[in-house]
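The values are calculated or read from the model by the stated rules, or taken from the named source; none is laboratory data. Note that the structure is predicted; figures quoted are calculated from it, not measured. Cβ: placed from backbone, ideal geometry, glycine included. Neighbour counts: every protein chain shown. Accessible surface is based on the protein model in full, side chains and every heavy atom, while ligands, DNA and RNA are left aside. Shrake-Rupley method; radii C 1.70, N 1.55, O 1.52, S 1.80 Å.
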Amino acid sequence: MELKEVTKTEGTMDIQDILKPENLVYQKTKLLTDTPMHYCPGCSHGVVHKILAELIDEMGIQERSVGVAPVGCAVFAYNYIDIDWQEAAHGRAPAVATGIARVNPDAFVFTYQGDGDLASIGAAEIMHACNRGENILVVFINNGIYGMTGGQMAPTTLEGMVTATTPYGRNTDLNGYPMRITNLIAQLPGTSYVTRQAVHTAGGVRKCKRALKKAIQNVLDKKGTSFVEVVSTCNSGWKLSPVAANKWMEENMIPYYPLGDMKDSVKGEHSEN
Amino acid sequence: MGEIKLMKGNEVLAEAAIRCGCDGYFGYPITPQSEVMETLMVREPWKETGMVVLQAESEVASINMVYGAAATGKKVMTSSSSPGISLMAEGISYLAGAELPCLLVNVQRGGPGLGTIQPSQADYFQAVKGGGHGDYKLIVLAPSSVQEMNDFVDLGFELAFKYRNPAMILADGAIGQMMEKVELADYKPRWTKEEVAEKNGDWATTGKPASRKKNVITSLEMASNDMEVRNINLQAKYRKMEEEDVRYEAIQCDDAEFILVAFGTAARVCQKAVEVAREKGLKVGLLRPVTLFPFPKKIIKELARKTAGFLSVEMSAGQMVEDIKLAVYDAGSNARVDHFGRMGGIIPTPTEVVEALEDKFSWELSYGVKRSY
């Protein structure tokens, strides 16, 4: 970032200087609408929305973009990013995105899905869209819980984790095991770039933006499906303050869902992991 | 005169789709309609017209692919048979709720459950009354010949886009499997990007230029007042369909004392039954609804004022008969309405139909027809 030279009395700026356009160091991307977000304070959704809006703007692809909103907390994603959107039925976003991308090969199509949507009710749709290598981006928000319906168990809920439907903690005898679905996705030859990120620190946000930028570029280059998991907080569902939720995520979620790239190739190649 | 061929109903669906400028077909194999996708895959229309054909992983996926593609303002379709349509019910409700034009085809087989692969008309309720959740209607076209399988593809798209509503061709295994002479339509080019923008640009998610507001396709409203307004608008649209787009065929109804009401394959059987009955001296006519929704209520009301009875002939336990009864009730007529049907994949014979008519209306036939007007 280029720092502007200060011309007034050495070391000081008055308010008029600060407001001058040439002194602007950061602004909300114009693709993010002014609609107040309904997300809880501390939730990762807002940050990921911001990154996507910035990238769509910076990469100049607003006119080619069609987003597919899920059923879940991000159901209203279409209110926040100023592009064309479709609202999909629960879990069906990858099939909806397939339909859009197939008849509009020049469009940039992405789905934005939570863990219940993607890994539970939509498990078949995500597997097959990725296996076909649809030229779409999948943004997968994994917070280990169903946020919108009131904090029930998700496929990614950790062992022993308390939710509304596992009030005594997730019991693997009863509920099976937390699903690392992104690792399964990485095995599919239709995918090109598969990565797991988090946005709970400034560094994480920057890394996640780099990952999403690469994922979008891959889609534009028709390399196959790009899949970006973002390990996220749900402080309302987890019943933790935003700060405590970040800490809990670092100590519990990230060890089970380690961050980093799982696959970086082109469609048709199998993953090494 | 278009090209004339001898073809199966299912093959004709595929051919008609290519020729009418369809942009995409998404489907999943199921008997007795698998020839639709098989024919498309042999024809490879993506090389010829640019039409996309994709085999989905399930009917759940194929109907949602239709949703995504239809929401970009393009002409897209799917086809299936009864159990597959049940799987699509969720997606069809969303398509109707989001007001997306598209073409659906149900080549019906016998149910319930896995049922049979033989022809049936037992999905009338599912097609006409909703099938999925919420107050919605599909435009439902019932072909009774291979020629109509051809004609209704283009008509289905035309009506779907006229109303921004899904249209369904409700055929059955017999119409899908049988071969008949068919006059194929001439080729119409697919809509260009500019044409899509011109026709559907005010709602379709074609990608947002700086010059317009973002288009959002959804069926969701959080405020119940807003959701009621959506429903009121949908109902107004359905009433408009009833005003403007009812289609039916009335055969020898003018002097008829008894009217057979039948659609699709059952209507073909009834056409012969009318001949058999008239040879016996019975004044019988046939009313064939072509649109099952909007249902031809007006003509039934008119006929109810000069007819002793209606016999609904269906390859089901009796579904359309309820709509006939409602129309006759609305007319304030005393005409009697009864039903004759075969189930489980059996097609009734003309003789059976005439015998059923004589049996169910034996009182009227013995003591004379009591005019109801």
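Here are the numbers for this structure:
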read-out	value
Qualifying residues in segment A:112-123 (those that are open to solvent by less than 10 Å² (accessible area, probe 1.4 Å) and either free of Cβ contacts under 8 Å to residues at least 12 places away in the same chain or outside any helix (DSSP H, G or I) (or both)) - the one nearest to the other protein chains (Cβ to nearest Cβ)	A:GLY122
Filter result for A:ARG206 (away from chain B (no Cβ under 14 Å), at negative phi and either surrounded by 23 or more Cβ atoms within 10 Å (Cβ to Cβ) or within 15 Å of the chain's Cα centre (by Cα) (or both))	yes
Breaking point among (1) open to solvent by 10 Å² or more (accessible area, probe 1.4 Å); (2) within 14 Å of chain B (Cβ to nearest Cβ), for A:ILE126	(1)
Strands (runs of 3 or more DSSP E) wholly inside segment B:1-102 containing at least 1 residues that are within 14 Å of chain A (Cβ to nearest Cβ) and in contact (Cβ under 8 Å) with a residue 60 or more places away in the chain	B:76-80
Answer from A:LEU158, A:LEU212, A:LEU184 - the residue that is out of contact with any Cys (no Cβ under 6 Å at 6 or more places or on another chain), open to solvent by 70 Å² or more (accessible area, probe 1.4 Å) and at pLDDT 95 or above	A:LEU184
Test: residue in segment B:24-44 that is charged (D, E, K, R), at positive phi and out of contact with any Gly (no Cβ under 7 Å at 6 or more places or on another chain)	yes
Residue check, A:GLY224 within 14 Å of A:VAL138 (Cα to Cα) and open to solvent by less than 30 Å² (accessible area, probe 1.4 Å)	yes
Residue in segment A:194-213 that is under 21 Å from A:ILE121 (Cβ atoms) and in a loop (DSSP other than H, G, I, E, B) present	no
Output for segment B:80-112, where each listed residue is open to solvent by 40 Å² or more (accessible area, probe 1.4 Å) and in contact with a Pro (Cβ under 8 Å, 6 or more places away or on another chain)	B:GLY111
Residue in segment A:34-43 that is within 26 Å of B:ALA70 (Cα to Cα) and either hydrophobic (A, V, I, L, M, F, W, C) or open to solvent by 10 Å² or more (accessible area, probe 1.4 Å) (or both) present	no
Residue count for segment A:76-99, restricted to those that are open to solvent by 10 Å² or more (accessible area, probe 1.4 Å), more than 7 Å from chain B (Cβ to nearest Cβ) and out of contact with any helix residue (DSSP H, G or I) (no Cβ under 6 Å at 6 or more places or on another chain)	2
Check on A:VAL109, within 14 Å of chain B (Cβ to nearest Cβ) and surrounded by 24 or more Cβ atoms within 10 Å (Cβ to Cβ)	yes
Residue list for segment A:37-71, restricted to those being away from chain B (no Cβ under 11 Å) and among the β-branched types (Val, Ile, Thr)	A:VAL47, A:VAL48, A:ILE51
Every pair of residues 6+ apart whose Cβ atoms lie under 8 Å, when the first sits in segment B:334-362 and is within 13 Å of B:VAL313 (Cα to Cα) and at pLDDT 95 or above while the second is assigned to a loop (DSSP other than H, G, I, E, B) and open to solvent by 50 Å² or more (accessible area, probe 1.4 Å)	B:GLY341/B:ALA317; B:MET343/B:ALA317; B:ILE346/B:GLN118; B:PRO348/B:ARG342; B:GLU352/B:ARG342; B:VAL354/B:LYS280
Pairs, first β-branched (Val, Ile, Thr) in segment A:255-268, second open to solvent by 60 Å² or more (accessible area, probe 1.4 Å), C-beta under 9 Å, six or more apart	A:VAL266/A:ASP221; A:VAL266/A:LYS223
Sole residue being among the hydrophobic types (A, V, I, L, M, F, W, C) and touching a strand residue (DSSP E or B) at 6+ places or on another chain (Cβ under 6 Å), chosen from B:ALA89, B:ALA174, B:ALA185, B:ALA122	B:ALA174
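Residue by residue, here is whether (1) of a type outside the set (Val, Ile, Thr); (2) surrounded by 24 or more Cβ atoms within 10 Å (Cβ to Cβ); (3) modelled with pLDDT under 95 holds:
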site: B:MET227; (1), (2), (3): yes, no, no
site: B:LEU260; (1), (2), (3): yes, yes, no
site: B:LYS272; (1), (2), (3): yes, no, no
site: B:VAL284; (1), (2), (3): no, yes, no
site: B:PRO296; (1), (2), (3): yes, yes, no
site: B:ALA304; (1), (2), (3): yes, yes, no
